[in-house]
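Note sheet for the following structure.
The values are calculated or read from the model by the stated rules, or taken from the named source; none is laboratory data. Since the model is a prediction, treat every value here as computed from it, not as a measurement. Cβ coordinates were reconstructed from backbone atoms using ideal geometry, including for glycine residues, and neighbour counts include every protein chain displayed. Surface areas here come from the heavy atoms of the whole protein model, side chains and all, with no ligands, DNA or RNA. Shrake-Rupley method; radii C 1.70, N 1.55, O 1.52, S 1.80 Å.
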Amino acid sequence: MRILPAGDQALTVELSDQVDDATNRRVIALAESLAARPVDGITETVPTYRSLLVCYDPAIVRASALADTLAERLASLDVEHTPSRHWTVPVFYGGPAGMDLEELARMKGIDVDEVIRLHSGAEYRVYMIGFAPGFAYLGGLPEILHTPRLTTPRQHIVAGSIGIGGKQASINSLAGPSGWRFIGRTPVQLFDPQRQEPALFRAGDTVRFEPVNEAEFERLEARVAAGETIAEPVLP
């Protein structure tokens with residue numbers, strides 16, 4: 001574990017040089033601990049794969065004192081009881097947004113149905129939110145589906161697209177450019193600035209994908225357009 005300066009108003013609490021579930025659970029547990037029992041001067045925390053960025057007001061707390069407090073908090077972390085939510089996300093595999101599904105199947109030497117079975121059969125962990133508002137970096141992708149990103153990124157990928165980039169899975173929260181490979185789309189909105197909590201997922205949540213056909217996708221998409229909520233979290 002290392003606590004490093006990140007400019008003059010933040011510290012990085014680096015918990016490992018490896019990316020794994022156990023390290024990420026400690027990152028989330030530290031963030032939750034600081035939210036539940038705030039430390040004077042901390043203005044924001046940002047969980048990542050294996051570290052927590054802790055922003056602070058130097059007029060209230062000095063970096064050295066804050067580092068000592070963070071080290072003490074780490075020593076008493078309750079990782080086992082860190083809150084987490086589970087989500088089931090409907091996906092229409094293939095179609096215009098899943099333009100890489102068939103090529104991915106050919107690359108792996110399996111058929112499209114097997115790609116869908118493998119992708120939807122795994123449970124994913126939201127390691128972190130980043131890149132774009134509400135964008136979820138998901139760990140847990142089956143190894144056979146690990147695939148390098150495209151050499152040349154596409155310039156426009158629609159929101160809700162289901163991606164694969166290296167060892168990671170993703171759901172695009174907003175439309176934009178991307179070098180990931182895409183195999184489907186969900187009507188679930190990951191980011192809505194009008195919601196009380198704009199980003200749907202939090203780091204530490206878990207996700208499963210549920211295949212739906214095109215007609216069901218369109219029905220769910222219409223409900224979202226009408227302002228309905230189609231995905232609710234389940235507490236374990």
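Ligands, DNA and RNA are left out, and with a 1.4 angstrom probe the accessible area of segment 81-163 is 47 Å² per residue. Given the alternatives [x] 13.9; [y] 14.7; [z] 13.1, mean projected area of the Cα convex hull in nm² as computed for this entry is given by [x]. Loop-located chymotrypsin sites (Phe, Trp or Tyr not before Pro) in segment 94-147 (DSSP state not H, G, I, E or B) with no more than 15 neighbouring Cβ atoms inside 10 Å: 131.
For the chain, relative contact order (Cα pairs under 8 Å, six or more residues apart, normalised by length) works out to 20 percent. What is the angle, in °, between the Cα long axis of helix 214-225 and the longest principal axis of the Cα atoms in the chain? Nearest 10 is fine, range 0 to 90. Orientation of helix 214-225: about 50 degrees from the principal axis. The long axis of helix 112-121 is offset from the longest Cα principal axis of the chain by roughly 30 degrees. Each residue, residue 65 and residue 218, gets one label point 7 Å from its Cα in the Cβ direction; the gap between the two is 6.3 nm. Between residue 154 and residue 106, with labels modelled 7 Å along Cα→Cβ, what's the label distance in nm to one decimal, could you check? Roughly 1.6 nm, to one decimal.
Residues whose amide H falls under 5 Å from that of residue 149, counting only those 5 or more places apart or on a different chain, are 166, with hydrogens built in the peptide plane.
Could you work out the longest stretch of the chain that avoids the GluC sites (Glu not before Pro) located in DSSP loops with at most 13 other Cβ atoms within 10 Å? Longest run free of exposed loop sites: 124-227.
Expressed as a whole percent, the accessible surface of the chain that belongs to carbon and sulfur atoms is 51, based on a 1.4 Å probe.
Each other residue within a Cβ distance under 10 Å of residue 50 adds +1 if Lys or Arg and -1 if Asp or Glu, for a net charge of -2.
Around the Cα centre of the chain, unit charges on the Cβ atoms of Lys, Arg, Asp and Glu (plus for the first two, minus for the last two) sum to a dipole of about 320 debye. Centre-to-centre, using Cα atoms only, segment 19-53 and segment 182-236 are separated by 25 Å.
Spherically averaged projected area of the convex hull of Cα atoms, segment 44-98: 7.1 nm².
Length available on full extension from residue 210 to residue 4: 0.36 nm per residue minus the Cα-Cα distance, which gives 70.1 nm. Per-residue ellipticity at 222 nm from helix content only, as computed over the chain with -39500 (n - 2.57) for each DSSP H run of at least four residues, stands at -7500 deg cm²/dmol.
Can you tell me how segment 86-155 classifies by the Cα gyration tensor, rounded, prolate or oblate, using a/c under 1.5 as the rounded cut? Note, shape of segment 86-155 comes out oblate. Can you compute the label reach from residue 76? Point 7 Å from Cα along the Cβ direction, backbone N cut-off under 16 Å, restricted to segment 15-45. Residues 30-40 fall inside that zone.
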